[in-house]
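Enquirer: Supplied in structure tokens, the structure appears directly below.
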Amino acid sequence: MKIFNRRIWGTVLIWLGVLILIALLIDSIRPFFPREPAPLFAGRPADNLFKQIGSLFTRSDQTEPAEVRPTRPPPRRPVPPDPRAEGLLTANRHQPQYEMWVWAVDPEQKTGSTVILSIAHAAPGRAGAFRMLAYADTEKDGLPDELIARSPLLTAENQGDWSSWTFRTDEELIFVGKTWPIDQEGFIYRGNGPFPEGPFSEKFFWRAEGANSRMAGPAFTNMRIEFAE
């Protein structure tokens, strides 16, 4: 047998060329099919080459799952506080069309001649300014007919702040509330319906002139009253 048989060496060279061609082909398409080497073949180029050659003839219908990044829950929107928690009966602000609002006080709950009236400002500064008022029903007909007390102009630094005012009266039937500058854009608190608490009537008077008085409502505002001797 001849050592340098042309047919044998020709076959060897052909297979060597095929292997080189396959290696070049794998190297050119590797970026399109990235794979991690198995630990058994890591660091062994020859075995890794045969493993990559075998992978060309295996087909997988499963794709690797995309990386799932942990997501943070969306931030919770701040919940506005309950108006009652701040001592307010309503947080609804209103731009009035009238110059005054006064409510009748239940005479059975008037326990003293000293009246302490407190009302909340719906805006800071002049936009929420008002004067407190007190009327009496001297005719005993359920209508306000005589102004008995009026406070100075009251303002606040912050929306929702309260102002208090004290006056004395021996009148049995009284009406209390406020008036405000009508020549400007101002705000007052108004809730629809009767007062949730307090000794006040359901409807208010927006004109207090005895028989010419005018009523509207029902509505309420952030107002409270106390009595003392």
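Enquirer: What's the ranking of 127-136, 96-105, 157-166, 187-196 by average number of surrounding C-beta atoms within 10 Å, highest first?
Expert: 127-136, 96-105, 187-196, 157-166
Enquirer: Next up: Multiplying the sequence separation of A228 and L19 by 0.36 nm and subtracting their Cα-Cα distance, what value in nm do you get?
Expert: 64.3 nm
Enquirer: Here is a further query. Counting only heavy atoms of the protein chains, get the accessible area per residue of segment 82-229 (1.4 Å probe) and round it to a whole Å² value.
Expert: Numbers: 7390 Å² over 148 residues.
Accessible surface, normalised per residue, equals 50 Å².
Enquirer: What percent of all Cα-Cα pairs in segment 113-229 falls in each 5 Å bin, counting up from 0?
Expert: Bins of 5 Å from zero give 2, 11, 20, 24, 23, 14, 4, 1 percent of pairs.
The values are calculated or read from the model by the stated rules, or taken from the named source; none is laboratory data. What you see is a predicted model, and the numbers here were worked out from it, not measured in a lab. Glycine gets a Cβ as well: all are built from the backbone with ideal geometry, and neighbour counts include every protein chain shown. To get the accessible areas, we keep the full protein, side chains included, count just its heavy atoms, and leave off ligands, DNA and RNA. Shrake-Rupley method; radii C 1.70, N 1.55, O 1.52, S 1.80 Å.
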